[in-house]
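Colleague: Pasting a structure below so you can have a look.
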Amino acid sequence: MTLLPLIPEDDLDAVMAYRNGGTITRAVFLGQVLALADALPASGKVLNMCADRYAFAVALFAAISKGIVTVLPNSAAPEHLATVAAEHEGLLVLGDQDVSPVAKLPYMAVNGFLAGTTPATAAVPQISFEQSIAYVYTSGSTGRPVPHHKTFGRVHLNIMAGAERIWGKTGGACSVIGTTPIRHMYGLESSVFLPILGGGRLSSDLPFFPADVARSLEAMPAPRLLVITPFHLRKLIEAEIPLPPVAAILSATAPLPVELAREATDKLGCPVLEIYGSTETGQLATRLPCVDEAWDTLAGVTLRFEGEDAWAHGAVYEMPQLINDMVELITPSRFRLVDRKANMINVAGKRSSLSFLNAIITGLPGVKDAVFCVPERSGAHVERLAAFVVAPGLTRQDIVSGLRAQVDPVFLPRPVVFVDSLPRDGNGKIQAAALAALIAQHIPQHN
């Protein structure tokens, strides 16, 4: 049976995290993890609802140490949590709030375990490669959220392959500051597992607004890695506030426009690295969008076509994983990404993708945010497109004229619906249910 250390065993005195203006070593982190693990039940599952990234990490690694599976919902909405609770019997909620964020489930507050600063004297626990550690739910951007099972060894392999690629671009392990939700696969991998397992430094902050990002970056020592989404990166660049030096930017959750990547590179003076993956596959490839349109898979991962579908193969998977996107293979470890299969549309016999159209409309002058949608669909064909737009001061004619210069007339939206804001989640995504609600509210023909 293959065993792996819970955290890196070398240099336990090294600083692993920054929280509330102070530093935390690996040994102190381990001491808090083991103290919380001793208080957990011998079996069952936990629902990790900690809001602070460091508290979340202590709770997650304590559960791993105890051999308990952590359930990670994609949303804190009561209706989603109720669904999750119904799918997993015997859940214990772990949180850093005074009152349980989930009604009708037993609750344990972890704050008391975070006060201890005594370094662990016990050896680093050894975890089985095959040990189940989490059920991570999909984001819900393309349908009902679905849980996916994760094991420690495969997560460890994936994180170390990602660290090799990312630290290779930054020149070494970094302080990691993330704007992404910690229960989403991208945020979990890149802002929690990467700094802990990959030898970096974790920030407890969960910055959202540009000024918060700047403060979080300033609080961490160089070199710094900024883990962000295209939506938040655009807002950060538009804010034009001074930032401390950043070694690299890591982006995911949606296609990153090349123009935005170039602007970020020019203004921040660092490479922009885009990462590709999903809840099902975890991170599996990266690219430098300013340099190359193609993606290179992480070490140990290859893609193969079976019929019209591409599948990811490698030791990081219990079984080959279906790629829910359209890709063009250059080699088994190199590919071009076309778009999500669900985003490919056919209007009047002409094909395009919603991601492409979204990039065009959000790039129009005066448009703050926008999204194309499909109010009606007949089989494989789309009858018409619509667009929700946040663009104070613009008219429908402004939007249509701007689009007409760049897209085929069959893809022009009708109607164009102006709204004050779009219901994006912490990853900058719009969940399928939220988009359906917008359509039902604003497009009468769909009702």
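A short reminder: the numbers here are calculations on the coordinates, not readings from a lab. Since the model is a prediction, treat every value here as computed from it, not as a measurement. Positions of Cβ are generated from backbone atoms using ideal geometry, with glycine treated the same way; all protein chains shown enter the neighbour counts.
Colleague: First measure r as the distance between the Cβ atoms of Ser128 and Thr395, then evaluate 1/(1 + (r/R0)^6) with R0 = 51 Å and state the FRET efficiency to the nearest 0.05.
Modeller: Efficiency computed from Cβ-Cβ geometry: 0.25.
Colleague: Still on this structure, please answer the following. Which listed residue (Ile430, Pro5, His80) has the Cα farthest towards the positive end of the charge dipole for the chain, taking +1 on Lys and Arg C-beta and -1 on Asp and Glu C-beta about the Cα centre?
Modeller: The residue sitting most towards the positive pole is Ile430.
Colleague: If you don't mind, there's one more thing I want to ask. Scan around Ala134 for amide H atoms under 5 Å from its own, H built in the peptide plane at 1.01 Å from N, and keep only partners 5 or more places away or cross-chain.
Modeller: Under 5 Å from the amide H of Ala134 lie the amide H atoms of Thr70, Lys150, each far enough along the sequence or on another chain.
Colleague: Taking the DSSP beta bridges in the chain as the whole, what percent of them are antiparallel, to the nearest 5?
Modeller: Of those bridges, close to 60 percent are antiparallel.
Colleague: Just from its helices, what would the mean residue ellipticity at 222 nm be for the chain, if runs of 4 or more DSSP H residues each count -39500 (n - 2.57) and the sum is divided by every residue, rounded to the nearest 500 deg cm²/dmol?
Modeller: -8000 deg cm²/dmol
Colleague: Next up: Would you kindly derive the ³J(HN,Hα) couplings of segment 55-62 from the backbone phi angles with the Karplus curve 6.51 cos²θ - 1.76 cosθ + 1.60 (θ = phi - 60°), listing them in order in whole Hz, with x for Gly and Pro?
Modeller: 4, 4, 5, 4, 5, 5, 6, 5
Colleague: Here's something else I'd like to know. For segment 47-112 and segment 178-216, compute the distance between their C-alpha centroids and round to whole Å.
Modeller: 19 Å
Colleague: If you don't mind, there's one more thing I want to ask. Rg/Rh for the chain to two decimals, with Rh computed the Kirkwood way over all alpha-carbon pairs.
Modeller: Value, to two decimals: 0.97.
Colleague: Turning to a different aspect of this structure: Just to confirm my numbers, what's the Cα centroid distance between segment 3-39 and segment 393-409 in Å?
Modeller: 54 Å
Colleague: Among Gln283, Gln397, Gln321, which one shows the biggest mean-square fluctuation in a GNM of the chain, springs joining Cα atoms closer than 10 Å?
Modeller: Gln397
Colleague: Okay, next question. Can you return the lysines within cross-link range of Lys104? Criterion is Cα-Cα under 27 Å, with same-chain partners fewer than 8 residues away left out.
Modeller: Cross-link targets: Lys45, Lys66, Lys150.
Colleague: Something else now. Out of the GluC sites (Glu not before Pro) in segment 69-124, which ones are loop residues according to DSSP with at most 15 other C-beta atoms within 10 Å?
Modeller: Those satisfying the criteria are Glu89.
Colleague: Hey, another quick one. What GluC sites (Glu not before Pro) does segment 284-368 have in DSSP loop regions with at most 10 other beta carbons within 10 Å?
Modeller: For GluC sites (Glu not before Pro) across segment 284-368 that sit outside H, G, I, E and B with at most 10 neighbouring Cβ atoms in 10 Å, the list reads Glu293, Glu308.
Colleague: Return a whole-number percent for the relative contact order of segment 138-225, with Cα pairs under 8 Å and 6 or more residues apart as the contact set.
Modeller: That works out to 30 percent.
Colleague: Related question: Which residues in segment 285-311 place their backbone N less than 19 Å from a point set 7 Å from the Cα of Leu329 along the Cα-to-Cβ direction?
Modeller: 285-286, 294-311
Colleague: Can you compute the FRET efficiency between Asn346 and Asn20 using 1/(1 + (r/R0)^6), with r the Cβ-Cβ distance and R0 = 45 Å? Round to the nearest 0.05.
Modeller: 0.25
Colleague: Measuring from centroid to centroid over Cα atoms, what is the spacing of segment 310-385 and segment 231-260 in Å?
Modeller: 22 Å
Colleague: Taking H placed 1.01 Å from N in the peptide plane, check which residues at least 5 places from Val227 or on another chain put their amide H under 5 Å from its amide H.
Modeller: Excluding prolines and chain starts, which carry no amide H, the hits are Ile177, Gly178, Thr179, Leu250.
Colleague: What is the set of long-range amide H partners of Asp325 at a cut-off below 5 Å, with H atoms built 1.01 Å from backbone N?
Modeller: Under 5 Å from the amide H of Asp325: Lys341.
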